[in-house]
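Each remark here refers to the structure printed beneath this line.
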Amino acid sequence: MAKKHLSRRQFLVLSATGAAGAILAACSPAATATTAGDTTKAPEATKASGAVQPTSAPAAGGKSPRGFVEVPFLAERVSAGKLPPIDERLPEEPFVVGPGVLIQEEYGPWTNGEYGGQIDIAATWGTGFLNIAQASTPLRSPSQTTKASRPNLFSSYEISDDFTTFTFHLRKGLKWSDGEPVTTEDVRFVFEDLYNDPDVQRGYPTELYTQGASANGKAELTIADEYTFSLKFSKPYGMFVAVLNSWIPGYDILIKPAHYLKKFHAKYADKAELEAVLKEANETDWVKLLNNKDVSHWDTGEIRALGMPVLNAWVLVEATDTRRIFERNPYFWHVDSDGKQLPYIDRVVNNIAIDNNATLNAIMAGKVTLAGGNNISLSQMPTLIRTVEQFGRKIFTTGSFNFPPMLFLNHDFEYDKEGSVWQTLITDPDNRFGKAIAAAMDPDEVNKSVFFGKFGAPFMNNLGLDLDTANKLLDELGFDKRGSDGLRLGPDGQPFIFRITFATEAPETASVAELLKEQIQKAGLHVELEVVDGTLWDQRRNANQVMASIKWNDGPAWPTGISEDYLPNHKGPWSPMTWLYYTSNGKEGRKPPAYLQEFYDLHTARKAYPPESDKGQEIYKKMFQWMSDHYVMIPTVGPQVKPSLVDARLQNLPVEGAPFDLDVYINAEGYWFKNA
């Protein structure tokens, strides 16, 4: 089995333009850089002793026998014998973080830091940004890329030449946050006692089916020894490299703390003890209890996550309805080249906000250390800038992990309705309806009116307003007659309503929708806006009741495979019923007509190769062009520019103009306070 050396390659994304008046503070000088192919070695390992004994922590800044620096925040526990010294907490080969490891050097200079401090946030949900920042993906590549694929949970791994077999070697001495060792038993338990247990009925995640398709069969697990296991797929599955790098599925599709979850599994738990736990939880079904206690990495800030061992940089230690407190994981296996254990920052405190306005209020009151991603927006910049001098903050702008608000056209809407006008329009071989809608849209107006003119140039299939073309195409499609209200009648001579459904999950969505309505109505179509809450949105989407919709997605992260939410029912629904057919092996939904099958063929073909390989990129470009040509989604405006607001003392931040806003979170384990 030949080993694939997946070296780093820079991933160029749509660049952001402008800075919305933000000023970038000077970056700290970077440490000496290592090349992508270098393997930085940890200090020489020694065997850890058995029982925890009271010990004296090294003097401040002093090195342990293995060359590590004890964390002051943990020193008292170490001295009292409540926690092993750092040499015994770290694996034989820790993961060494330095320049270019978390994000590319050109987008985030690195300087080894100092211990201490607290990050305060005001997110609307318990986990906050920690589902992104926990640094525990099985493999690790800089930023939102997947090619470098450094072994993270593993000391090494191999991939067969045909991309069917992946063999992994867990780091010896790697531990869960409660100090228990991580072994292949934690993998076996997941596959045999969760995914394959007929009582639990968990089912396999999509990512663990060959090429992400259940028709191709599940991954076949083989345990070789305490630290080595392999997964074999029935067909080439190079895209699995992206699964292992992505924070979206996370490590917990492969590995969970078996020693903890067995307490709630009838196969392993003492019957009397399990009954007592069920009674205490006011539960009668052990499977429901198990599922409740098995908290995914997305939800590690939920109250039910208290007590669950994790592999994350920070661990939930206190939870109320209004506050979540995370402390550094004493057993986190990342270190810098000076021997300091990451993360540098000891605590993350989330004072939960009831809504986005409450988040903004907390920022304005100086109660937030770090805010980015979808927590703040360019439309709030005039307000945010006031906090810079008052609270010692810094604002900088980057590109976005997300495409801007997109208009989705549902190719399955009314597919089962005889004589549907919509189906006649949407299946037109020349895609004239989609072209007409795009030509009626004015991305420059949206940019200037909503985003201060700071978003990028129009892209994809919406390159700017062309009302003459929109009118010409609509006339050709049979919209050449008008009703008493001056709006176009449909090809059947009846009033035609173009209904756009959306949920107001982002501050600007409603403003964009209103502008979109005005723009399309200038071409004579009757446009109605339908605003729904999140629950109703999901119901309508899954029931195929949405004609058109506005939603963001993760477009800039598609080329590297980090996200695949271009799929037909993942964000805005553009073919939810053929997706149901695809995922149910034809048992439900709509068999794709020939032109939609072209998409599925490209999507499946892409899965055979690592996404950033030459072949993977070639197929991706064809697939993206198909989506553009068939107008399944249309950008309402150019590429996003996103602001981030941070405490000006924080070091190792992304630079102004970096490609991704979410790297403000990805990089969090490396943040430290200068002159704190």
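Please enumerate the residues belonging to the stretch 447-462 that are in a loop (DSSP other than H, G, I, E, B) and in contact with a helix residue (DSSP H, G or I) (Cβ under 8 Å, 6 or more places away or on another chain).
PHE451, PHE452, GLY453, LYS454, PHE455, PRO458, MET460, ASN461, ASN462
So which residues in the stretch 511-533 are assigned to a helix (DSSP H, G or I) and open to solvent by 40 Å² or more (accessible area, probe 1.4 Å), if there are any at all?
Selection gives SER511, GLU514, LYS517, GLU518, GLN521.
Residue by residue through the stretch 460-476, note down the ones that are more than 30 Å from PRO556 (Cα to Cα) and buried (at least 19 other Cβ atoms within 10 Å of the Cβ).
Matches in the stretch 460-476: ASN471, LEU473, LEU474.
Determine, yes or no, whether ALA506 is part of a loop (DSSP other than H, G, I, E, B), surrounded by fewer than 16 Cβ atoms within 10 Å (Cβ to Cβ) and not assigned by TED's automatic domain parsing to the domain that holds ASP355.
For ALA506, the condition - part of a loop (DSSP other than H, G, I, E, B), surrounded by fewer than 16 Cβ atoms within 10 Å (Cβ to Cβ) and not assigned by TED's automatic domain parsing to the domain that holds ASP355 - is not met.
Of the residues ALA276, ALA272, ALA266, which single one is more than 30 Å from ASP554 (Cα to Cα), open to solvent by 10 Å² or more (accessible area, probe 1.4 Å) and not in a helix (DSSP H, G or I)?
Sole residue among the options that is more than 30 Å from ASP554 (Cα to Cα), open to solvent by 10 Å² or more (accessible area, probe 1.4 Å) and not in a helix (DSSP H, G or I): ALA266.
On the basis of being modelled with pLDDT of 95 or more, part of a helix (DSSP H, G or I) and either touching a Cys at 6+ places or on another chain (Cβ under 7 Å) or among the charged types (D, E, K, R) (or both), does ARG304 make the cut?
Against the criterion (modelled with pLDDT of 95 or more, part of a helix (DSSP H, G or I) and either touching a Cys at 6+ places or on another chain (Cβ under 7 Å) or among the charged types (D, E, K, R) (or both)), ARG304 qualifies.
Among what's in the stretch 311-353 and is closer than 18 Å to TRP298 by Cα and among the acidic types (Asp, Glu), pick the residue that is least open to solvent (accessible area, probe 1.4 Å).
Across the stretch 311-353, the extreme among qualifying residues is GLU327.
Just one of LYS551, LYS591, LYS615, LYS587 is of a type in the set (Lys, Arg) and under 23 Å from PHE401 (Cβ atoms); which is it?
Of the residues listed, the single one that is of a type in the set (Lys, Arg) and under 23 Å from PHE401 (Cβ atoms) is LYS551.
Take the stretch 642-658 and flag every residue that is surrounded by fewer than 24 Cβ atoms within 10 Å (Cβ to Cβ), in contact with a Leu (Cβ under 6 Å, 6 or more places away or on another chain) and in a strand (DSSP E or B).
Answer for the stretch 642-658, where residues must be surrounded by fewer than 24 Cβ atoms within 10 Å (Cβ to Cβ), in contact with a Leu (Cβ under 6 Å, 6 or more places away or on another chain) and in a strand (DSSP E or B): just VAL646.
Report every pair of residues separated by at least 6 positions or lying on different chains whose Cβ atoms are under 8 Å apart, first residue within the stretch 346-369 and farther than 26 Å from VAL71 by Cβ, second basic (Lys, Arg) and outside any strand (DSSP E or B).
Pairs found: MET364/ARG386.
Let me spell it out: the conditions are (1) outside any strand (DSSP E or B); (2) open to solvent by 10 Å² or more (accessible area, probe 1.4 Å); (3) outside the structural domain of TYR251 (by TED's automatic domain parsing), and ASP120 meets all of them except one. Which number is the exception?
For ASP120, the exception is condition (1).
For TYR595, state whether it is hydroxyl-bearing (Ser, Thr, Tyr) and either within 21 Å of the chain's Cα centre (by Cα) or open to solvent by 20 Å² or more (accessible area, probe 1.4 Å) (or both).
yes
Taking into account only those residues within the stretch 659-676 that are among the charged types (D, E, K, R) and open to solvent by less than 10 Å² (accessible area, probe 1.4 Å), which is farthest from the chain's Cα centre (by Cα)?
Checked the stretch 659-676; the qualifying residue farthest from the chain's Cα centre (by Cα) is GLU669.
Please work out which residue is nearest to SER214 (Cα to Cα), limiting yourself to the stretch 604-619 and to residues that are part of a helix (DSSP H, G or I) and open to solvent by 20 Å² or more (accessible area, probe 1.4 Å).
Ranking the candidates gives THR604 first.
In this structure, is ASN675 free of Cβ contacts under 8 Å to residues at least 40 places away in the same chain and farther than 27 Å from GLU598 by Cα?
yes
Considering only residues that are outside any loop (DSSP other than H, G, I, E, B) and farther than 16 Å from ASP87 by Cα, which ones fall in the stretch 336-353?
Correct list: ARG347, VAL348, VAL349, ASN350, ASN351.
Do the conditions hold for PHE413, that is, is it among the aromatic types (Phe, Trp, Tyr) and over 24 Å from GLU106 (Cα atoms)?
Yes; evaluated as a whole, the condition is true for this residue.
Does GLU106 fit the bill of being assigned to a helix (DSSP H, G or I), touching a helix residue (DSSP H, G or I) at 6+ places or on another chain (Cβ under 7 Å) and either under 30 Å from GLY366 (Cα atoms) or of a type outside the set (A, V, I, L, M, F, W, C) (or both)?
So GLU106 does not fit the description; no.
Which one of the conditions (1) open to solvent by less than 10 Å² (accessible area, probe 1.4 Å); (2) free of Cβ contacts under 8 Å to residues at least 12 places away in the same chain; (3) not hydrophobic (A, V, I, L, M, F, W, C) does ASP601 fail to meet, given that it meets all the rest?
(1)
The values are calculated or read from the model by the stated rules, or taken from the named source; none is laboratory data. Remember, it's a predicted structure, so these values are computed and weren't measured experimentally. Please note: Cβ atoms are built from the backbone with ideal geometry, for glycine as well, and neighbour counts cover all protein chains shown. To get the accessible areas, we keep the full protein, side chains included, count just its heavy atoms, and leave off ligands, DNA and RNA. Shrake-Rupley method; radii C 1.70, N 1.55, O 1.52, S 1.80 Å.
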